[in-house]
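The values are calculated or read from the model by the stated rules, or taken from the named source; none is laboratory data. Keep in mind that what you see is a predicted model, and the values were worked out from it rather than measured. Note: ideal-geometry Cβ built from the backbone for every residue, glycine included; neighbour counts use all protein chains shown.
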């Protein structure tokens, strides 16, 4: 059944909005997935901040061009699902790896795009091992807080040394008297 021009424009608009809110996406192949399995995939991805959409390849290519993303034309063939990272592509990639292990005959990865670079399916593990945004924030917070903690430790040590010197002076004054 043919899709009307208005529906095509609506889908391109939806895909473009999804692309604007993501840091990268994974192009998945799916076959024989039941609706229940698709819902399981979507639930798992949502827990990591990701989303999953089944796309029309030609319309998704238009959305990629419109949004300024590189177009992985060789990945957009046959039945295609897109997993959007939504700011947490490494965390979402870890979930995708789990889905592949759970449903190896029904779900696979063709590749994807991160930071204007197209990657292959074999690169998914490397992306999954990148730190998530929460991990990066924690590392930055640690870097920022560490000097302050060291300074507080130095000031506390200096205070206790001053107290020790004063106590020694008082003890010496009391012994002399």
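Things worth noting here:
- Only one of the numbered conditions (1) closer than 18 Å to residue 60 by Cβ; (2) outside the structural domain of residue 37 (by TED's automatic domain parsing) is not met by residue 147, and that is (1).
- Residue 128 vs. criteria surrounded by 10 or more Cβ atoms within 10 Å (Cβ to Cβ), closer than 26 Å to residue 33 by Cα and in contact with a strand residue (DSSP E or B) (Cβ under 6 Å, 6 or more places away or on another chain): no
- Residues (surrounded by 15 or more Cβ atoms within 10 Å (Cβ to Cβ) and touching a strand residue (DSSP E or B) at 6+ places or on another chain (Cβ under 9 Å)) located in segment 58-72: 60, 63, 64, 69, 71, 72
- Residue within segment 40-57 that is assigned to a helix (DSSP H, G or I), loosely packed, with under 13 Cβ neighbours inside 10 Å and in the same structural domain as residue 17 (by TED's automatic domain parsing) present: yes
- Complete set of residues in segment 96-110 that are touching a helix residue (DSSP H, G or I) at 6+ places or on another chain (Cβ under 6 Å), crowded, with 21+ Cβ neighbours inside 10 Å and assigned to a helix (DSSP H, G or I): 99
- Enumeration of residues in segment 19-39 that are crowded, with 18+ Cβ neighbours inside 10 Å, over 13 Å from residue 81 (Cα atoms) and more than 15 Å from the chain's Cα centre (by Cα): none
Table: residues versus (1) within 17 Å of the chain's Cα centre (by Cα); (2) surrounded by fewer than 10 Cβ atoms within 10 Å (Cβ to Cβ); (3) at pLDDT 80 or above.
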{"site": "89", "(1), (2), (3)": "yes, no, yes"}
{"site": "94", "(1), (2), (3)": "yes, no, yes"}
{"site": "116", "(1), (2), (3)": "yes, yes, yes"}
{"site": "132", "(1), (2), (3)": "yes, no, no"}
{"site": "137", "(1), (2), (3)": "yes, no, no"}
